[in-house]
Amino acid sequence: MTRAALVAVLALVASLLLAPAGTATAAPSAAGAISGTVTAANPIPGGKKALVSLYRRESDGRWTWADGTYVAVGGSYTVSAPAAGSYQVRAEVGSVASATPSRTLSVSKGARLTGVNLVLQDNPTISGTITTEGFDLSSVGPKRLYIQSWGGTDGHWSKIGGITTSYAERPDLQIRPDGTYTIAVPHHYDAIRLEFAQGQCLEEDELPPDVPGGCEWGAARDVQTVYWDGTTHGAFTLADGGDIDVRSGSVVGKDVTLRLAEKLRVVRGPRITGTVEPGQVLTVDPGTYVPAATSAEYEWYSGEYWIPGATSRTFRPTTAHIGASLRVLVRPNRVGTEAPVLWTPYVTVKSRSRFAVKAKAGKAKATVTIAIKAPGVATSRIHGKASIYAKGKRIKTVNVRNGKATIKIAKQKKGKRTYTVRYSGNRVITSSTKSLKIAIR
């Protein structure tokens, strides 16, 4: 290496090391990067590592996760920005401590921001007391109560933590038997809202040893869900809940009184309507309830698995769903009531069969050949039964293999008459029927 080249390389290294916090220097990769250190104002229990997360500000104001890494407290981190834009870096160690996020950072394409240092502090807490009307905390059984904390930034809310009753293994995550609670929340939210609710029925193996089982899955909750708003009984919706400001530290006295719920009673359960074939629109009939539901939420499933993004009332299956059993999880809603969670019956997506039929007549007999097709289905999967009828009476049935079948009929009277050929279909193909006239000699 020449002396001039060596000087140039050393100058570049020095510029990277001496760049002040938040300054941008060119990075060799197309994506931007942010780096800094993570330290702690107080000792972290057990020497746990911190999770450093990078959040990107979307056009609608939401902050979405972009990248993350674990780092030992006292160490350095680097996270990658996937594209130019506005970002924040946050650090946390479970429910113990978190760091106030970095200021909003503007990352240009190919830039590197250095010196974005984060300091972990003990998480602030919110505490209060739950009282009850018409029941007591020890009676909630397998549908245990929980408190869900929601963090808000610029009016957008996300779930950030929770505690529950009957969680003796983790006292820090427990609503105490006397109704008092303390819930830790991260620093990096403008406001916190608290949801007080009862869980759905748990399976026996999910229950703590001291909690009896025996409840119906999906049944409406017995306790009314509310959100703290400073009143005795709280608000019915997250939007109507009250903000709790923890930016100056922990707060106390966030009390609420829970009551038994009015429940929606099922008059007729939900079901899927429409022609269950690829390309056809299926619609959920949400069912009927007393009092009437004002809205419903939907999740479409193929077998036991949720179909990503399928959360509307309608769904259009494709050829990829042929043979799949579809059902929908339906959550009817009415503000101020608790509703059951219901499944529709299964429906199976089938391709519509089409077949060509030819007949060759003979003396007192005929030979009928059938060729069956179904869009999106290989001929090797086209099997079943084919039957021929005259005046509603079945004459003969044969097997269909690879989409083909031959039916030979005998002892037929002379003359021209109408015969009906019926294909049974199978698990992935619909049945179908076709009529033809055959002139028996």
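Against the main long axis of the alpha-carbon atoms of the chain, helix 3-18 sits at an angle near 90°.
Can you tell me the FRET efficiency between Lys109 and Lys396 if r is taken as the Cβ-Cβ distance and R0 is 51 Å, rounded to the nearest 0.05? Don't skip to the answer; put the middle values down first.
Details: r = 73 Å, r/R0 = 1.43.
So, using R0 = 51 Å, E works out to roughly 0.10.
Label-to-label distance, Thr100 versus Gln280, with points set 7 angstrom from Cα along the beta-carbon direction: 6.1 nm.
Here the simple spin-label model places points 7 Å from the Cα toward Cβ, and for Lys365 and Lys159 these points are separated by 7.0 nm.
With θ taken as phi - 60° and the Karplus curve 6.51 cos²θ - 1.76 cosθ + 1.60 applied, the whole-hertz 3J(HN,Hα) list for the stretch 353-370 is 7, 9, 9, 9, 9, 10, 10, 10, 8, x, 7, 6, 8, 7, 10, 10, 10, 10 Hz, x standing for glycine and proline. Given their separation in residues at 0.36 nm each and the Cα-Cα distance between them, Thr131 and Thr273 gain 46.6 nm when the chain is fully extended. Considering only Val276, Val421, Val330, the mean-square fluctuation computed in a Gaussian network model of the chain, springs between alpha carbons under 10 angstrom, is largest for Val421.
Listed values (i) 18, 34, 26, 16, 5, 0; (ii) 27, 57, 15, 0; (iii) 25, 61, 14, 0 include one computed from this model; for P(r) over Cα pairs in 20 Å bins from 0, in percent that value carries the label (i).
Note on surface exposure: Ser53, Ser380 rank Ser380, Ser53 by accessible area, highest first, 1.4 Å probe. Normalising the average separation of contacting C-alpha pairs (under 8 angstrom, six or more residues apart) by the number of residues puts the relative contact order of the stretch 354-437 at 29 percent.
If I take R0 = 60 Å and measure r between the Cβ atoms of Arg313 and Ala439 in this structure, what FRET efficiency does the formula 1/(1 + (r/R0)^6) give, to the nearest 0.05? After rounding, the FRET efficiency stands at 0.70. What residue among Ala310, Ala91, Ala359 has the largest mean-square fluctuation in a Gaussian network model of the chain, using Cα springs under 10 Å? Looking only at Ala310, Ala91, Ala359, the largest GNM fluctuation is found for Ala359.
Could you please state how large a percent of the accessible area of the stretch 112-190 is carbon and sulfur, counting protein chains only and using a 1.4 Å probe?
Roughly 49 percent, rounded to a whole number.
Annotation for the stretch 76-106 versus the stretch 314-369: alpha-carbon center distance of 48 Å.
In the elastic network of the chain, a GNM with C-alpha springs shorter than 10 Å, the most mobile of Ala184, Ala220, Ala72 is Ala72.
Ligands, DNA and RNA excluded, the heavy atoms of His156 present near 70 Å² of accessible surface to a 1.4 Å solvent probe. Averaged over its residues, the chain has an accessible area of 52 Å² per residue, based on protein heavy atoms and a 1.4 Å probe. Taking the 1.4 Å solvent-accessible surface of the stretch 251-337 as the whole, the part contributed by carbon and sulfur is 50%.
Mind giving me the FRET efficiency for Thr294 and Thr232? R0 is 35 Å, r the Cβ-Cβ distance, nearest 0.05 is fine.
Efficiency, from the Cβ-Cβ distance: 0.90.
Check which residues have an amide H placed less than 5 Å from Asp67's amide H, if you skip close sequence neighbours. For Asp67, the qualifying residues are Leu54.
The values are calculated or read from the model by the stated rules, or taken from the named source; none is laboratory data. Predicted, not measured: the structure shown is a model, and the values here were computed from it. Every residue, glycine among them, receives a Cβ derived from its backbone with ideal geometry; neighbour counts consider all protein chains shown. Areas reflect the complete protein model, heavy atoms only, side chains present, ligands, DNA and RNA absent. Shrake-Rupley method; radii C 1.70, N 1.55, O 1.52, S 1.80 Å.
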